[in-house]
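Presented below is the structure to which this report refers.
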Amino acid sequence: MTDNSIDLTTLNELKEIMGDDFSELVTVFISDTQTQLDDLFAAIETSDAPAIKRISHTIKGSSANLGIENLSAISKELELKAADNNIDSSDELLNSIVNEYNDVKIELEKLL
């Protein structure tokens, strides 16, 4: 994970605004993203470009909302490729997404 994987300013602002609910937000993000990754893996296995696009879009948005910039950016790249029905490099991008998610998950769990 690189230094700019998580925008700490955004995350701290959310923590301040949400108070006790922040932990629930992080827990839901971790759980939902894992489910999305499982669904994304299945969509890539079946070469389902519309599903890849939809799931990548979801991961992109939820990551961006928490200031998780690299995960959002990689997901956006996969979303755009799927929108063009160019899913040849989907496995490689999925691996990048999973690796980034795993790194971010460790950091987020430290905040709980």
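Got a sec? Charge dipole of the chain, +1 on Cβ for Lys and Arg, -1 for Asp and Glu; which of VAL26, ILE55, PHE41 is way out at the positive end?
Of the listed residues, the answer is ILE55.
Could you tell me the relative contact order of the stretch 22-74? Use alpha-carbon pairs under 8 Å, at least six residues apart, and round to a whole percent.
Working: 26 pairs, mean separation 13.5, N = 53.
Once normalised by length, the contact order is 25 percent.
At a 10 angstrom cut-off on C-beta neighbours, averaged per residue, how do the peptides 49-62, 13-26 rank from highest to lowest?
The packing order, highest mean first, is 49-62, 13-26.
Enter the angle in degrees (range 0 to 90, nearest 10) between the Cα long axis of helix 8-18 and the first principal axis of the Cα atoms of the chain, meaning the one along which they spread out most.
60 degrees
Counting only helical runs of four or more DSSP H residues, what would the 222 nm mean residue ellipticity of the chain come to if each run contributes -39,500 (n - 2.57) and the total is spread over all its residues?
Mean residue ellipticity, 222 nm, calculated: -26500 deg cm²/dmol.
Defining a contact as two alpha carbons under 8 Å apart and six or more residues distant in sequence, what relative contact order in percent does the chain show?
Numbers: 110 pairs, mean separation 37.0, N = 112.
Across the chain, relative contact order equals 33 percent.
Mind sorting ASP32, ASP103 by how few other Cβ atoms lie within 10 Å of their own Cβ, fewest first?
Neighbour counts put them in this order, fewest first: ASP32, ASP103.
To make sure I understand the rule: partners must be lysines, Cα under 29 Å from the Cα of LYS15, and not fewer than 8 residues away in the same chain. Which ones qualify?
Counting by Cα, and skipping residues close in sequence, LYS15 has these lysines nearby: LYS60, LYS76, LYS105, LYS110.
Rounding to the nearest 10 and keeping the result within 0 to 90°, find how far the Cα-based axis of helix 90-109 lies from the longest principal axis of the chain.
Tilt relative to the chain: about 10 degrees.
Go through 105-111, 6-12 and give me the packing order, highest mean Cβ count within 10 Å leading.
Top of the packing list down: 6-12, 105-111.
Every read-out reported here was derived from the displayed coordinates using simple, explicitly stated rules and does not represent laboratory data. Predicted, not measured: the structure shown is a model, and the values here were computed from it. As a convention, Cβ positions derive from the backbone with ideal geometry for all residues, glycine included, and neighbour counts pool all protein chains shown.
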